[in-house]
Each structure stands twice: as structure tokens, then as C-alpha cells.
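Participant: Here's a structure for you.
The values are calculated or read from the model by the stated rules, or taken from the named source; none is laboratory data. These figures come from a predicted structure and were not determined experimentally. Note that we place each Cβ from the backbone using ideal geometry, even for glycine, and neighbour counts take in every protein chain shown. Surface areas here come from the heavy atoms of the whole protein model, side chains and all, with no ligands, DNA or RNA. Shrake-Rupley method; radii C 1.70, N 1.55, O 1.52, S 1.80 Å.
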Amino acid sequence: MGQCQQAESAERADSVAGPAVTRQDYRDAMARLGAAVNIVTTDGPGGRHGFTASAVCSVTDQPPTLLVCLNKGSSASAAVHANGVVCINTLASGHETLSNLFGGGKPVEERFAGGEWRVSQTGAPMLVGALTAFDCRIVRTVEVGTHDVLFCEVVGLASGDGAEGLIYFSRRYHALQGATHAPTERAAGA
Ligand SMILES: NC(=O)c1ccc[n+]([C@@H]2O[C@H](COP(=O)([O-])OP(=O)(O)OC[C@H]3O[C@@H](n4cnc5c(N)ncnc54)[C@H](O)[C@@H]3O)[C@@H](O)[C@H]2O)c1
Ligand SMILES: Cc1cc2c(cc1C)N(C[C@H](O)[C@H](O)[C@H](O)COP(=O)(O)O)c1[nH]c(=O)[nH]c(=O)c1N2
């Protein structure tokens, strides 16, 4: 290959790979991607635990499945894997303090003392007053970098009557106005 051809192919490789993206670049960009805020809880043989998660997304409605990205270094990780169940409690406006309690560094009992809970069908704590709650069994886990991606099949749902959602955007919480609707509760498929 001649020198010109080598330079051309190096240029093409650069344009495909792009400049290096640092962790900070990535986080700064992600801070501009608004997301709902959830408290993901678990209980069972591995004990009760929970963490705040914005990395939550719908995968498919047949079977109804969400994914949750859980940092492998989280103190909740061992309990989540041992129990194999989670309840994804989507927060309403006014839940900012609870989100911060579950957002890292606090003992488990202190986290749960910040809210009112009932036991869901899977045994995972369901937040009274959550905007909506997805009671789930973890059906698959895929490890990607620092995180485990948990695929969570929904076996029960509960929706509250809260009118305002909670969004995390630009490293701050924002209330999101929505329509009121009647509370519902049902098992998946019912
Ligand atoms: N997916 C996650 O694990 C995740 C998401 C949001 C916040 N957090 C944690 O909450 C704290 C405060 O976050 P912040 O938004 O105020 O500021 P930040 O600068 O730490 O994060 C900005 C954004 O980058 C993403 N992010 C941050 N840490 C990540 C990680 N380890 N893996 C994947 N994506 C990540 C999130 O979308 C976050 O909102 C930090 O400790 C952060 O690590 C983690
Ligand atoms: C708004 C917001 C959003 C998220 C988080 C924090 C906050 C404040 N955290 C961090 C996570 O809640 C925290 O790392 C765990 O509570 C684990 O911390 P401990 O190891 O238990 O102290 C977080 N962690 C994670 O693994 N996946 C996620 O999607 C999120 N999202």
C-alpha cells in the first residue's frame, strides 16, 4: 500500500471510531437525557434492599418486560441477585428525599424508614404512593461493563392517583404535570 493510500485508510478509520469519549463526556451528555426516577426494591432469602434507578426502560409488552441497569458495585447487588425479584416503584413529585435516601451511602433500614411499604406478590416492597409500580421476576441478566442489565418480567402492577411525575434532568429533579387517573391494581394478564 502506498503512503497516500495508508493515510486515506487511517483517516477513514478515525472517522468511523470517532474521537475518544471520556467517562465525563458521556456523563455530561447523559445529564441532558431526562429520565423517570424509580426505587427498585427486593426481598427474599438475600434480604431486603433497594436503590434509586433512572436506567429503567420498557423492552416488550409481550411478555411485559422492563430492563433495569444495576451497578455491580451497588450494596443492593447481592440481595437483588439472590432474591431474583424486584419491584420497580416509579416516583411521583414530592419523592425527592426518598430518591436521595436510596441513591447511595445510607444504611438499608434508614432507606426504608423514609417511606410506607407493603409486600407485593413477589415479596418485594411496594411503595405506597408510587406513581406506578411494576412487580417483577428477573428472567435474564446480562453483564455490560460496570453494570448488570436485569430483564424483569412484570407479574403485577399497581398505579396510584398521583398527578405529577418526577424527572431527573440536568442533575436535578423536576416535577412533571400529567393527567389524574383512577388507581388500579392487577396481576399481569388479568
Ligand atoms: N446508570 C447509573 O448507574 C446512574 C444513573 C444516574 C445516576 N447515577 C449515580 O448517581 C450519582 C449522581 O448522578 P448525577 O446524574 O447527579 O451526576 P453524574 O455526573 O454522576 O451523572 C450524569 C448522568 O450520567 C449517567 N451516569 C452516571 N453514572 C453512571 C454510571 N456509573 N453508569 C452509567 N451511567 C451513569 C446518568 O445518566 C447520570 O444521570 C452518581 O453517583 C451517579 O453515578 C448512576
Ligand atoms: C437520580 C439517581 C439515579 C440513579 C442513581 C442515583 C440517583 C440519585 N443510581 C445510584 C444508586 O442509586 C446507588 O448507587 C445505589 O443506591 C447504591 O449505592 P450503595 O452502594 O447502596 O451506597 C443508580 N445506580 C444504578 O445502578 N442504576 C441507575 O439507574 C441509577 N440511577
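Participant: Output ³J(HN,Hα) for region 71-83: one whole-Hz value per residue in order, computed from phi by the Karplus curve 6.51 cos²θ - 1.76 cosθ + 1.60 with θ = phi - 60°, and x for Gly and Pro.
Facilitator: My calculation for region 71-83 gives 4, 5, x, 5, 5, 7, 4, 4, 5, 4, 5, 5, 7 Hz in order.
Participant: Quick one: which residues, 5 or more positions from Thr65 or on another chain, have an amide H under 5 Å from its amide H? H modelled 1.01 Å from N in the peptide plane, none for Pro or chain starts.
Facilitator: Val59, Thr60, Val154
Participant: Right, next: Given a 1.4 angstrom probe, I'd like the percentage of the accessible area of region 90-151 that is carbon and sulfur, rounded to a whole number.
Facilitator: Taking all protein chains in place, region 90-151 shows 52 percent carbon and sulfur surface.
Participant: State whether region 19-171 is rounded, prolate or oblate according to the following rule on the C-alpha gyration tensor (a ≥ b ≥ c being the square roots of its eigenvalues): a/c under 1.5 gives rounded; otherwise a/b larger than b/c gives prolate, and the remaining case gives oblate.
Facilitator: Rounded, since a/c falls under 1.5.
Participant: Same structure again: How do Asp61, Asp25, Asp43 stack up against each other in accessible area, from largest to smallest, with a 1.4 angstrom probe?
Facilitator: Descending accessible area places them as Asp61, Asp25, Asp43.
Participant: Can you put Glu164, Glu116 in order of accessible area, largest first, using a 1.4 Å probe? Can you show the working numbers first?
Facilitator: Working: Glu164 60, Glu116 120 Å².
In descending accessible area the options line up as Glu116, Glu164.
Participant: Run the simple label-point estimate for Arg137 and Arg118 please: 7 Å along Cα→C-beta, distance reported in nm.
Facilitator: In this crude label model, Arg137 to Arg118 measures out at 2.3 nm.
Participant: For Ala92, what residues show an amide H to amide H distance below 5 Å, using hydrogens built from the backbone and excluding near sequence neighbours?
Facilitator: HN-HN under 5 Å from Ala92: Leu131.
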